[in-house]
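The values are calculated or read from the model by the stated rules, or taken from the named source; none is laboratory data. If you're wondering where the values come from, they're calculated on a predicted model, not measured in any experiment. Backbone-built Cβ (ideal geometry, glycine too); neighbour counts: all protein chains shown.
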């Protein structure tokens with residue numbers, strides 16, 4: 001299996017399966033001298049983890065990071081950083097039945113057709129468990145971006161099924177299990193998701209992320225466009241089906257006089273472009289959105305086929321989320337941070353001598 005490495009100068013290679021002994025990553029290109037310790041990974045990994053509320057899968061993983069290389073006496077050395085997280089709460093027996101069956105809406109069928117073999121335990125390599133290592137790698141990227149440039153990336157859920165956030169309170173986002181910016185709506189969401197969980201069904205979600213403090217000049221004008229790489233990174237997250245930058249699909253109904261972000265001596269007067277012009281950061285806040293499909297792992301019977309082509313009725317057992325989007329905010333932040341880190345180093349390599357004002 002190829003294509004397990006993300007990034008050019010800040011390159012992250014992940015490995016491992018959902019129910020294997022461990023998952024891990026190797027980070028190449030991290031500048032030396034950055035302070036990092038195993039404790040630094042705890043907060044973001046807990047934000048991403050399952051089992052922290054009744055609204056997510058009840059798989060309980062310790063997610064303890066082991067730093068195997070690239071760090072000496074608490075600082076990065078400039079050599080490859082290897083991170084490992086051992087899986088401690090696998091229940092592979094939950095997936096025995098699907099070894100010969102294809103779950104509709106999952107990667108079972110396509111993996112089998114492509115490779116001729118697949119690991120059915122929890123989805124194997126296609127499981128969202130893999131994103132744990134992206135979040136871990138991004139802890140390093142976030143620290144560098146914050147310390148060197150003051151960049152901050154934050155994501156939140158602003159739509160779950162039929163519900164939309166009615167208010168935006170940034171302080172509320174981390175105070176509830178939904179990463180939801182309107183505290184008053186949380187009880188309504190709890191009742192909705194409780195009912196969904198008990199019915200055995202699932203629902204989709206939409207998330208928004210902002211990256212503030214990004215300097216002007218990151219990105220490239222053609223094949224390394226910052227918005228294209230952010231879109232590609234977000235689309236690589238499990239279950240993501242659409243990505244928008246700035247106003248996104250709303251631009252189809254806008255006029256040029258409405259959409260253009262006029263500039264005065266005081267700066268830009270609007271941010272319809274989402275902080276990126278011509279594939280290069282404008283110095284404004286970068287804004288991205290993504291939509292996540294409802295998981296197909298549901299208790300309600302559905303039609304499918306087995307490996308012999310026989311039609312079957314299938315029910316997906318195991319521990320699953322009624323809304324996988326609830327755990328996606330830290331993953332969205334991670335992928336944007338990894339793109340920005342890579343683009344930062346690429347810009348520094350080519351254009352460090354350019355004066356910008």
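From the list 231, 239, the one residue that fits, being within 29 Å of residue 16 (Cα to Cα) and at pLDDT below 95, is 239. The set of residues from region 25-44 being under 16 Å from the mean Cα position of the chain (by Cα) and either within 14 Å of residue 338 (Cβ to Cβ) or in contact (Cβ under 8 Å) with a residue 40 or more places away in the chain (or both) comprises 25, 41, 44.
On the basis of being more than 20 Å from the chain's Cα centre (by Cα) and on the phi < 0 side of the Ramachandran plot, does residue 165 make the cut? So that I can check it myself, show each step before the final result.
Numbers: more than 20 Å from the chain's Cα centre (by Cα): yes; on the phi < 0 side of the Ramachandran plot: yes.
Considered against the rule, which asks whether it is more than 20 Å from the chain's Cα centre (by Cα) and on the phi < 0 side of the Ramachandran plot, residue 165 comes out as yes.
Among the residues of region 131-174, the one identified as in contact with a strand residue (DSSP E or B) (Cβ under 7 Å, 6 or more places away or on another chain), part of a loop (DSSP other than H, G, I, E, B) and closer than 30 Å to residue 32 by Cβ is 151.
Of these, 94, 89, which one is at pLDDT below 95, farther than 23 Å from residue 144 by Cβ and surrounded by fewer than 16 Cβ atoms within 10 Å (Cβ to Cβ)?
On the way: 94 fails: surrounded by fewer than 16 Cβ atoms within 10 Å (Cβ to Cβ).
Matching residue, one of 94, 89: 89.
Looking only at region 200-234, residues that are more than 26 Å from residue 8 (Cα to Cα) and free of Cβ contacts under 8 Å to residues at least 24 places away in the same chain come to 0 in all. So for region 187-200 (the condition being touching a helix residue (DSSP H, G or I) at 6+ places or on another chain (Cβ under 9 Å) and within 24 Å of residue 144 (Cα to Cα)), does at least one residue qualify? No, region 187-200 contains no residue that is touching a helix residue (DSSP H, G or I) at 6+ places or on another chain (Cβ under 9 Å) and within 24 Å of residue 144 (Cα to Cα). Restricting attention to region 234-247, the residues being assigned to a helix (DSSP H, G or I) and under 13 Å from residue 209 (Cα atoms) number 1. For region 107-129, the criterion of being in contact (Cβ under 8 Å) with a residue 40 or more places away in the chain, surrounded by fewer than 21 Cβ atoms within 10 Å (Cβ to Cβ) and touching a strand residue (DSSP E or B) at 6+ places or on another chain (Cβ under 7 Å) is satisfied by no residue at all. In this structure, does residue 180 turn out to be surrounded by 13 or more Cβ atoms within 10 Å (Cβ to Cβ), at pLDDT 95 or above and within 27 Å of residue 27 (Cα to Cα)? It is false that residue 180 is surrounded by 13 or more Cβ atoms within 10 Å (Cβ to Cβ), at pLDDT 95 or above and within 27 Å of residue 27 (Cα to Cα).
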